[in-house]
1. Determine ³J(HN,Hα), in whole Hz, for all residues of segment 67-73 in sequence, where each value follows from phi through the Karplus function 6.51 cos²θ - 1.76 cosθ + 1.60 and θ = phi - 60°; x replaces Gly and Pro.
2. When the accessible area of segment 52-165 is split by element with a 1.4 Å probe, what percent falls to carbon and sulfur?
3. Order these peptides, 126-132, 18-24, 74-80, by their mean beta-carbon neighbour count within 10 angstrom, highest first.
4. Once amide H atoms are built 1.01 Å from N in the peptide plane, which residues 5 or more positions from Thr137, or in another chain, come under 5 Å H to H?
5. Output needed for segment 1-153: three equivalent-ellipsoid semi-axes, defined as square roots of 5 times the C-alpha gyration tensor eigenvalues, in descending order, whole Å.
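The values are calculated or read from the model by the stated rules, or taken from the named source; none is laboratory data. What you are looking at is a predicted structure, and each value in this text was computed from that prediction instead of being measured. Positions of Cβ are generated from backbone atoms using ideal geometry, with glycine treated the same way; all protein chains shown enter the neighbour counts. Only protein heavy atoms, including side chains, enter the accessible area calculation; ligands, DNA and RNA are left aside. Shrake-Rupley method; radii C 1.70, N 1.55, O 1.52, S 1.80 Å.
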Amino acid sequence: MTNQWLEAIAPEMIDVLFQDLLVEASEEEHVSILFNALQNFLTLAWGGGAAGKPQAQRDGVVGAVAIVCFLRDHLKKGPRSPANGVLRRFYNAAHRQIINAHRDGTWEHFHEVKSQIAKVVQRPYSRSFFMNCTSETNIGKAELVRFLLSSEVRGGLFSLDASVRVLANTPPSVN
């Protein structure tokens, strides 16, 4: 039933629904959406490498790097807390690992980066991780909406559940 309803929605209405979702979401949910999209892009990069699809791998890398850079660029400036420094190092390390994996053609390393990210965005660490992210990150809702709907990132926003297309017109795939 949900699939039929979602299929009936005009593609241009998906953007409106997504914007409404973001307006209603909390800062913690915004960060969670970004990290979920990051994991989706890492899966796309890994899948592209595993399937011998360089364009899919490249699209995954571009989206993942865009999200990591966006998060790092929006860390609060000024006197830095210990959490700010840890997040900055975390983003720098993820960025470096993604670029190195793509450059070296070691696509299996995308899965390793995704696993490292999954450790902090899943229980038992997720609650404190997202709290630290939101306290150390300054992102306006309008800027977040523009970024998430940009061509670089849009493909990573595809579902709340793998069987239901929700947040984009097509799921990222390696086909």
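1. 5, 4, 5, 4, 4, 5, 5
2. Carbon plus sulfur share of accessible area: 55 percent.
3. 126-132, 18-24, 74-80
4. Those qualifying (amide H under 5 Å, at least 5 residues apart or on another chain) are Lys76.
5. Working from the Cα gyration tensor, I get semi-axes of 24, 23, 14 Å.
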